[in-house]
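**Q** Let me give you the structure first, and then I'll get to my questions.
The values are calculated or read from the model by the stated rules, or taken from the named source; none is laboratory data. None of these values were measured; they are calculated from a predicted model. Cβ coordinates were reconstructed from backbone atoms using ideal geometry, including for glycine residues, and neighbour counts include every protein chain displayed.
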Amino acid sequence: METIIEKSEKCSLEEVSNIYNLPFLELVFKSQSVHRQYQPLNKVQLCTLSNIKSGNCPEDCKYCPQSSRYETEVENYKLLSKNTVLEQAEEARKNGATRFCMGAAWRSAPTNSEFEHVLELVKEVAKLNLEVCCTLGMLTQEQAFELKKAGLTAYNHNLDTSPEFYKEIITTRTYEDRLQTIQYVSNANIQVCCGGILGLGESQIDRIGLIKTLVNLDPQPESVPINVLVRVKGTPLERQEDVDSFEIIRSIATCRILIPKAKVRLSAGRLEMSEELQALAFLAGANSIFMGERLLTTDNPKINKDKEIFKKLKIEPL
Ligand code: SAM
Ligand code: DTB
Ligand code: SF4
């Protein structure tokens with residue numbers, strides 16, 4: 001079977017690097033020009049997250065508060081009930097969200113009745129006329145087909161960083177494992193949502209390497225979340241340095257230019273961003289945010305605050 005990275009040299013590291021390193025103003029001009037060609041203007045999609053299963057995860061992702069290996073203050077709970085999730089989804093829709101993303105702190109999606117429960121959640125959320133996204137860890141091909149049948153729009157599975165730096169951040173699974181699940185999702189005709197995290201201590205070439213991998217996925221992802229590390233007390237990365245704001249914008253702009261049809265999502269980390277930086281991210285080609293006062297376990301800007309920014313910038317929810 002062809003693999004999703006079959007044509008991996010379509011765009012070389014050097015080509016990605018040449019774009020990433022353009023003079024800043026030229027880069028943003030170029031990314032905005034591509035944006036105008038491929039994406040609706042002045043529109044940003046609102047997505048809301050639900051942590052449907054929290055904490056106690058066996059993986060060792062160094063950024064993550066939900067790993068059982070670190071002493072964090074995160075809440076641990078098993079799968080949420082249908083009613084709870086549907087209430088959250090309805091609330092999200094009422095606030096203007098058009099996409100609802102359910103995350104679970106699992107290494108892999110379970111194979112028992114818990115998976116049946118997730119399928120049920122997907123079906124019910126889809127009935128609310130919301131796009132439905134899940135992120136449940138690794139999947140089998142069969143599970144991907146079942147999620148598709150249940151009405152799943154998209155599956156989020158991030159590569160997080162470059163293939164080279166990955167082992168510094170996670171040792172309990174490999175980059176290849178991630179690519180395999182992405183392949184299964186793609187085979188099942190579910191949209192691929194795949195991106196990464198900035199600020200893990202990676203070098204600029206790692207950021208470029210992540211983008212190169214994303215660009216060369218075939219088909220390219222429909223959705224690219226760009227997260228900025230949320231430093232959580234108790235995780236190995238709690239004292240990681242700030243990532244330079246211009247690196248965030250360069251990453252977004254490069255994704256916009258090289259993955260023109262994707263939604264580029266300004267995901268985790270907005271709480272620490274000024275309005276001006278967020279505006280610059282939209283200018284560079286970001287066209288989605290998470291709305292709601294929580295991401296999975298950490299805080300996100302208040303809904304009213306986001307409404308204010310949209311009003312000032314005359315941005316409409318998509
Ligand atoms: N357990 C599943 C998995 O890892 O694939 C799904 C849930 S996991 C929390 C979803 C994504 O959240 C991760 O792939 C990572 O990119 C992002 N994430 C987790 N903790 C983060 C943090 N502290 N800051 C920024 N992004 C984070
Ligand atoms: C993604 O790329 N970012 C979201 C979503 N996909 C699942 C998760 C961000 C999590 C931030 C840390 C937390 O709140 O636990
Ligand atoms: Fe588990 Fe996902 Fe957190 Fe890694 S990112 S520890 S797999 S919940």
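**Q** Out of the residues in the range 141-172 that are touching a helix residue (DSSP H, G or I) at 6+ places or on another chain (Cβ under 7 Å) and part of a loop (DSSP other than H, G, I, E, B), which is farthest from Arg231 (Cα to Cα)?
**A** If we take residues in the range 141-172 being touching a helix residue (DSSP H, G or I) at 6+ places or on another chain (Cβ under 7 Å) and part of a loop (DSSP other than H, G, I, E, B), then Gly151 is farthest from Arg231 (Cα to Cα).
**Q** In addition: Report yes if Val34 is modelled with pLDDT of 95 or more, away from ligand 1 (no atom under 14 Å from the Cβ) and crowded, with 19+ Cβ neighbours inside 10 Å, otherwise no.
**A** So Val34 does not fit the description; no.
**Q** Within the range 110-128, work out how many residues are away from ligand 2 (no atom under 16 Å from the Cβ) and either part of a helix (DSSP H, G or I) or at pLDDT 95 or above (or both). Quick ask: steps written out before the conclusion?
**A** Just the residues of the range 110-128 that are away from ligand 2 (no atom under 16 Å from the Cβ), to begin with: 110-117, 119-120, 123-124, 126-128.
When the remaining residues are screened for being either part of a helix (DSSP H, G or I) or at pLDDT 95 or above (or both), the result is 110, 113-117, 119-120, 123-124, 126-128.
Here the count works out to 13.
**Q** Which of the residues spanning the range 151-170 are within 13 Å of ligand 3 (Cβ to nearest atom) and without any contact (Cβ under 8 Å) to a residue 40 or more places away in the chain?
**A** Filtering the range 151-170 down to residues within 13 Å of ligand 3 (Cβ to nearest atom) leaves 156-161, 166, 169-170.
Those that are within 13 Å of ligand 3 (Cβ to nearest atom) and without any contact (Cβ under 8 Å) to a residue 40 or more places away in the chain: His157, Tyr166.
**Q** I need the full set of residues from the range 282-302 which are of a type outside the set (A, V, I, L, M, F, W, C) and assigned to a loop (DSSP other than H, G, I, E, B), in order please.
**A** Gly285, Asn287, Gly292, Glu293, Thr297, Thr298, Asn300, Pro301, Lys302
**Q** Would you call Ile170 within 11 Å of ligand 1 (Cβ to nearest atom) and either surrounded by 22 or more Cβ atoms within 10 Å (Cβ to Cβ) or more than 15 Å from the chain's Cα centre (by Cα) (or both)? First the steps, then the outcome.
**A** Numbers: within 11 Å of ligand 1 (Cβ to nearest atom): yes; either surrounded by 22 or more Cβ atoms within 10 Å (Cβ to Cβ) or more than 15 Å from the chain's Cα centre (by Cα) (or both): yes.
Judged against the criteria, Ile170 is a match.
**Q** Another one. Could you grab the pairs with beta carbons closer than 7 Å, sequence gap of 6+ or different chains, first residue in the range 182-206 and under 30 Å from Arg231 (Cβ atoms) and hydroxyl-bearing (Ser, Thr, Tyr), second one surrounded by fewer than 23 Cβ atoms within 10 Å (Cβ to Cβ) and modelled with pLDDT of 95 or more?
**A** If the second residue must be surrounded by fewer than 23 Cβ atoms within 10 Å (Cβ to Cβ) and modelled with pLDDT of 95 or more, no pairs are left.
**Q** Here is a further query. Regarding the range 216-239, can at least one residue be identified that is of a type in the set (A, V, I, L, M, F, W, C), farther than 29 Å from Leu22 by Cα and away from ligand 1 (no atom under 14 Å from the Cβ)?
**A** Within the range 216-239, the subset of a type in the set (A, V, I, L, M, F, W, C) is 217, 224, 226, 228-230, 232, 237.
Those still in the list that are farther than 29 Å from Leu22 by Cα too: 232, 237.
Within this subset, residues satisfying the condition of being away from ligand 1 (no atom under 14 Å from the Cβ) are none.
For the range 216-239, residues of a type in the set (A, V, I, L, M, F, W, C), farther than 29 Å from Leu22 by Cα and away from ligand 1 (no atom under 14 Å from the Cβ): absent.
**Q** Kindly list, by first and then second residue, each pair from a residue in the range 137-150 that is at negative phi to a residue that is in a helix (DSSP H, G or I) and within 16 Å of ligand 2 (Cβ to nearest atom), limited to pairs with Cβ atoms under 7 Å and residues at least 6 apart or on different chains.
**A** Final answer for the pair search is Met138/Thr181; Leu139/Thr181; Leu139/Val185; Ala144/Val185; Leu147/Val122; Ala150/Val122.
**Q** Now, a different point. Scanning for something within 16 Å of ligand 1 (Cβ to nearest atom) and buried (at least 19 other Cβ atoms within 10 Å of the Cβ), does the range 90-99 turn up at least one residue?
**A** Checked the range 90-99: at least one residue is within 16 Å of ligand 1 (Cβ to nearest atom) and buried (at least 19 other Cβ atoms within 10 Å of the Cβ).
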